Amino acid sequence: MLSNKNAIITGGSRGIGRAIAKEFASKGASVALIYGGNKEAAQETVAELEKMGAKALAYQCDVSSFEETKKAVEKILEDFSHIDILVNNAGITKDGLLLTMDDESFTSVLDTNLKGSFYMIKHLYSHMMRRRQGRIINISSVSGLMGNPGQANYSSAKAGVIGLTKTVAKELAGRNVTCNAIAPGFIETDMTESLSDKVKETALGLIPLKRMGKPEEVAKLAAFLASDDSSYITGQVIKVDGGLYI
Ligand code: NAP
C-alpha cells in the first residue's frame, strides 16, 4: 500500500508514466506528474487519477533544464508538503545509425534521459535525506544493458542511468533512501508505436514470452519498489522484458 505517500512521476502523463501514476493512485498515493509539452494528455491523466479519488496535479517542466526542474520541485513541495517517492521516467528516443546520428540527437537524448534524472534527484535528495526516508526509481532500458544498433544515444543515456542509480543508492543508503532502476524491454506505448512493422517483428522474434509488454506490467514493479515491502532492496536493476535479455 502507498497510503499517505506523495510521489513525483516525470513523464507521468502518457505511456509507462501514466500507468505508474494510476497504479500508485490505486494504492492510495497522491501524485505530482511532470510532463513536457502535451498538456491535453497530462490533464486527461489528472482527471483519471482524480476519478480514482487521488490527489493529482500536473506540472509542465522540461526535465533537461536544471532551472525548470528546480522550480518545479519547489512548487511541488509547496503543494504536497513532502515527497516520499520519485520516479524518473521521462524519456525520449532519437534513433539513427552512428553514420547519421548528429550531435543534437546524441546530446538531447542524454539531456532528457540522463541529466533529467540527475537534476530531479539533485533537487530532492536533501529533502529525502532530512526526512530519513525515500524511494527513487529510475526507468532505464534493456537497451542500456545490451546496446542496440541505432540507439547509441539512448543506450548510452540508459546505461548512464544505471551508473547513477548505483551511486545514488550508495550515497543515500545511510539515510534510508533507496534507489533502484527498472529496465523495460519492448512495452506498448507511443514510443514503440512509431517503430516500423519490420523492427517490431524482429523484436518479437527475440522475446521468449513472444509478446510486447504492457505499461501496467512495468507499473506493478514500480509500485513494489515504491512500497515499504522493498525496504531492503537498493542499487538494483530489474528487467521487465519478457525474457528479452537473459
Ligand atoms: P512515451 O509514451 O513517449 O511518454 C514519454 C513521457 O515523457 C511523456 O509523458 C512526455 O511528456 C515525457 N517527456 C518527454 N520528454 C520530456 C521532457 N524533456 N521533460 C518532461 N517530460 C518529458 O514513453 P514511454 O514509452 O512511456 O517511456 C517511458 C520511459 O520508459 C522512458 O524513460 C523510456 O525511455 C523508458 N522505456 C520505454 C520502453 C518502451 O518500450 N516503451 C522500453 C524501455 C524503456 P509529453 O507528452 O508532455 O512530451
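The values are calculated or read from the model by the stated rules, or taken from the named source; none is laboratory data. None of these values were measured; they are calculated from a predicted model. Every residue, glycine among them, receives a Cβ derived from its backbone with ideal geometry; neighbour counts consider all protein chains shown. Only protein heavy atoms, including side chains, enter the accessible area calculation; ligands, DNA and RNA are left aside. Shrake-Rupley method; radii C 1.70, N 1.55, O 1.52, S 1.80 Å.
Does segment 20-37 hold any residues that are over 11 Å from A54 (Cα atoms) and open to solvent by less than 10 Å² (accessible area, probe 1.4 Å), and which are they?
I20, L33, I34
For segment 1-40, which residues satisfy the criterion of being in contact with a strand residue (DSSP E or B) (Cβ under 8 Å, 6 or more places away or on another chain), over 20 Å from M128 (Cβ atoms) and more than 12 Å from the ligand (Cβ to nearest atom)?
Result: A25, single match.
I'd like to check something: does segment 158-170 contain any residue that is within 14 Å of the ligand (Cβ to nearest atom), of a type in the set (K, R), open to solvent by 50 Å² or more (accessible area, probe 1.4 Å) and at pLDDT 95 or above?
No, the conditions are met nowhere in segment 158-170.
Need a quick list: helices (runs of 4 or more DSSP H) entirely within segment 187-246 having at least 1 residues that are modelled with pLDDT of 95 or more and open to solvent by less than 40 Å² (accessible area, probe 1.4 Å). Walk me through it before giving the result.
Working: elements: 190-193, 197-206, 215-226.
Passing ranges, in order: 215-226.
Could you list, in sequence order, all residues of segment 109-136 that are polar (S, T, N, Q) and open to solvent by 20 Å² or more (accessible area, probe 1.4 Å)?
Listed by number, the residues that qualify are T112, S126, Q133.
Please enumerate the residues belonging to segment 191-246 that are farther than 27 Å from S26 by Cβ and in contact (Cβ under 8 Å) with a residue 60 or more places away in the chain.
Once the filter is applied, which keeps residues that are farther than 27 Å from S26 by Cβ and in contact (Cβ under 8 Å) with a residue 60 or more places away in the chain, segment 191-246 yields G235, L244, Y245.
Are any of the residues in segment 79-97 farther than 30 Å from I246 by Cβ, part of a helix (DSSP H, G or I), touching a residue at least 40 places away in the same chain (Cβ under 8 Å) and more than 10 Å from the ligand (Cβ to nearest atom)?
Step one: of segment 79-97, the residues farther than 30 Å from I246 by Cβ are 79-84.
Narrowing further to those that are part of a helix (DSSP H, G or I): 79-80.
Of the ones still in play, those that are also touching a residue at least 40 places away in the same chain (Cβ under 8 Å) are 79-80.
Okay, now just the ones that are also more than 10 Å from the ligand (Cβ to nearest atom), so 79-80.
Yes, that holds for at least one residue.
Tell me which residues, restricted to segment 4-41, are in a strand (DSSP E or B), among the small types (G, A, S) and under 16 Å from the mean Cα position of the chain (by Cα). Working first, answer last.
Residues of segment 4-41 in a strand (DSSP E or B): 6-10, 30-35.
Add one more test, that the residue is among the small types (G, A, S), and what stays is 7, 30, 32.
A7, A32 - these are the residues of segment 4-41 that are in a strand (DSSP E or B), among the small types (G, A, S) and under 16 Å from the mean Cα position of the chain (by Cα).
Modelled with pLDDT of 95 or more, assigned to a helix (DSSP H, G or I) and within 9 Å of the ligand (Cβ to nearest atom): is that true of E44 in this structure? Please lay out each step first, then the result.
Details: modelled with pLDDT of 95 or more: yes; assigned to a helix (DSSP H, G or I): yes; within 9 Å of the ligand (Cβ to nearest atom): no.
No, not satisfied.
If you take the residues of segment 171-186 that are open to solvent by 50 Å² or more (accessible area, probe 1.4 Å) and in contact with a Cys (Cβ under 9 Å, 6 or more places away or on another chain), which of them is nearest to I83 (Cα to Cα)?
A173
Listed residues A58, A72, A54; which is of a type in the set (A, V, I, L, M) and open to solvent by 30 Å² or more (accessible area, probe 1.4 Å)?
A58
Among the numbered criteria (1) within 19 Å of the chain's Cα centre (by Cα); (2) under 30 Å from E104 (Cα atoms); (3) open to solvent by 70 Å² or more (accessible area, probe 1.4 Å); (4) not small (G, A, S), which single criterion is violated by I139?
(3)
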